[in-house]
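The structure under discussion appears below in the form of structure tokens.
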Amino acid sequence: TYTQGKALNIGKKKTLSQRVLRQLVLQPAGTSSSPQSWLVFVLNLGKDGDNLCLHFNPRFEAHSDVNTIVCNSKDGGARGEEHRESAFPFQPGTVTEVCISFDQADLTIKLPDGYTFKFPNRLNLEAISYLAADGDMKIKCLAFD
């Protein structure tokens, strides 16, 4: 069972090894359809909270960003260089789906409108054993291939 805002330690028997997080269905935390009800969401994937191969952060309006996806990594607690995507298919108040696949070189993120982009696997992780999410959305479904 996953609790919003808490880390999900996938564990050694359940690590994601060069697999696909096929479906991540996100639902707005509030019931309003205004942009203020969906301001920011964070999904962290990696080895642990200090070693992340992906910090995925769609921002409707937060930290001086508007309708921008910010991706980053964290190695031993130190953040890497931010990568920004201007493609932003998320709509306030709607359920949405994101697909993430990875190998040792890259993570591939497929957005709800079909747009796909790559983010480097800077830690060269072969397996993901940590997932944490927080923000103005709830995880409705996780599915793995």
Checklist entry - For region 63-91, what are the residues that are over 16 Å from the mean Cα position of the chain (by Cα), over 15 Å from Lys118 (Cα atoms) and free of Cβ contacts under 8 Å to residues at least 24 places away in the same chain? => result His63, Ser64, Asp65, Val66, Ala78, Gln91
Checklist entry - Across region 116-133, what is the total count of residues that are closer than 23 Å to Glu97 by Cβ, open to solvent by 40 Å² or more (accessible area, probe 1.4 Å) and touching an Asp or Glu at 6+ places or on another chain (Cβ under 8 Å)? => result 1
Checklist outcome for this item: Picked from region 36-55 (must be assigned to a loop (DSSP other than H, G, I, E, B) and at pLDDT below 90), the residue surrounded by the fewest Cβ atoms within 10 Å (Cβ to Cβ) is Leu39
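Out of the residues in region 56-114 meeting the condition of being charged (D, E, K, R), part of a strand (DSSP E or B) and closer than 19 Å to Leu125 by Cα, tell me which one is modelled with the lowest pLDDT.
The first filter runs over region 56-114 and keeps only residues charged (D, E, K, R), leaving 59, 61, 65, 74-75, 79, 81-82, 84-85, 97, 103, 106, 110, 113.
Right, trim to part of a strand (DSSP E or B) and you get 59, 61, 65, 74-75, 79, 84-85, 97, 106, 110.
Remaining after also requiring closer than 19 Å to Leu125 by Cα: 74-75, 79, 106.
Values: Lys74: 98, Asp75: 98, Arg79: 98, Asp106: 94.
Restricting to residues being charged (D, E, K, R), part of a strand (DSSP E or B) and closer than 19 Å to Leu125 by Cα, the top hit is Asp106.
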Checklist outcome for this item: Taking region 56-75 and keeping residues open to solvent by 30 Å² or more (accessible area, probe 1.4 Å) and either aliphatic (A, V, I, L, M) or under 16 Å from Ile100 (Cβ atoms) (or both) leaves Val66
Checklist outcome for this item: Taking region 98-115 and the residues there that are charged (D, E, K, R) and free of Cβ contacts under 8 Å to residues at least 40 places away in the same chain, the one that is surrounded by the fewest Cβ atoms within 10 Å (Cβ to Cβ) would be Asp113
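The values are calculated or read from the model by the stated rules, or taken from the named source; none is laboratory data. Predicted model only: the values in this text are computed from it and were never measured. Here Cβ is always computed from backbone atoms with ideal geometry, including for glycine, and neighbour counts include all displayed protein chains. Surface accessibility is based on the protein's heavy atoms, side chains included, excluding ligands, DNA and RNA. Shrake-Rupley method; radii C 1.70, N 1.55, O 1.52, S 1.80 Å.
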